[in-house]
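Chemist: Okay, here's the structure, questions in a sec.
The values are calculated or read from the model by the stated rules, or taken from the named source; none is laboratory data. Here the structure is a predicted model, which is why all the values come from computation and not from measurement. Quick reminder, even Gly has a Cβ in these numbers, built from the backbone with ideal geometry, and neighbours come from all protein chains shown. These accessible areas exclude ligands, DNA and RNA; they are computed on the full protein's heavy atoms, side chains included. Shrake-Rupley method; radii C 1.70, N 1.55, O 1.52, S 1.80 Å.
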Amino acid sequence: MSAPATRHKPRPLSPHLQVYKFIPTMAMSIFHRITGGALYVGTLVMAWWITAAAGSEDYYGFVSGIVGSWFGQLVLFGFSWALMFHLLGGVRHLIWDTGAYMEKHTATKLAIATAIGSVVLTLAIWIVVFVMRSGA
């Protein structure tokens with residue numbers, strides 16, 4: 001005797017991105033993941049530079065020339081911003097792990113503060129670097 005055939009209703013599809021309103025917390029989540037990947041690549045560049053420092057003087061000069069170029073400085077600026085953004089995003093998640101600031105309006109304000117804070121901290125770091133370089 002065989003089991004009776006059952007009719008299955010089609011499973012509902014997950015909502016697509018077009019259904020959701022793009023909000024700051026969503027943007028912060030996306031950027032947090034992107035900066036995590038950027039930090040991986042940036043750390044490899046930093047390891048390359050440190051390894052070159054342990055090698056010959058010529059190779060260190062070559063790598064320092066790349067890192068010290070306008071493009072290398074742009075990459076370092078982006079790396080430092082990604083580091084600050086990812087750091088503040090981690091602090092934001094740590095705060096949320098305590099159950100604080102989970103209300104929608106507060107979470108949005110915290111997300112915006114994360115973005116602004118990462119830019120401010122990055123600029124502060126680079127200002128200090130340039131002041132130290134100039135010997136002022």
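Chemist: On a 1.4 Å probe surface of the protein chains, which of Tyr60, Tyr40 comes out largest in accessible area, and what is the full order?
Modeler: Greatest to least solvent exposure: Tyr40, Tyr60.
Chemist: Oh, and also: Would you mind telling me the share, in percent, of accessible area of segment 44-101 contributed by carbon and sulfur at probe 1.4 angstrom?
Modeler: Ligands and nucleic acids excluded, carbon and sulfur reach 76 percent.
Chemist: Keeping all protein chains in position, work out how much accessible area Ile34 exposes to a 1.4 Å probe, and write it in Å² to the nearest 10.
Modeler: Answer for Ile34: close to 100 Å² accessible.
Chemist: Which lysines, if any, have their Cα less than 26 Å from the Cα of Lys21, not counting same-chain residues under 8 positions apart?
Modeler: Lys104, Lys109
Chemist: What is the dipole size for the chain, taken about its Cα centre, with +1 at each Lys and Arg Cβ and -1 at each Asp and Glu Cβ, in debye to the nearest 20?
Modeler: Rounded to the nearest 20 debye, it is 920 debye.
Chemist: Among the complete DSSP H segments of the chain, which ones combine at least 30 Å of alpha-carbon extent along their axis with a mean Kyte-Doolittle hydropathy of 0.5 or more?
Modeler: 24-54, 70-97, 104-134
Chemist: Under the definition of Cα pairs under 8 Å and six or more residues apart, what whole-number percent is the relative contact order of the chain?
Modeler: For the chain, the relative contact order is 28 percent.
Chemist: Something else: Near Lys104, within a Cβ-to-Cβ distance under 15 Å, what is the net charge of the other residues, with Lys and Arg +1 and Asp and Glu -1?
Modeler: My count for the surroundings of Lys104 gives +2.
Chemist: For the chain, with every protein chain kept in place, what is the accessible area per residue (1.4 Å probe, Å²)?
Modeler: Result: 77 Å² of accessible area for each residue.
Chemist: Which of His86, His105, His32 ends up with the largest GNM mean-square fluctuation for the chain, with Cα atoms connected below 10 Å?
Modeler: Per the Cα network of the chain with a 10 Å cutoff, His105 tops the list.
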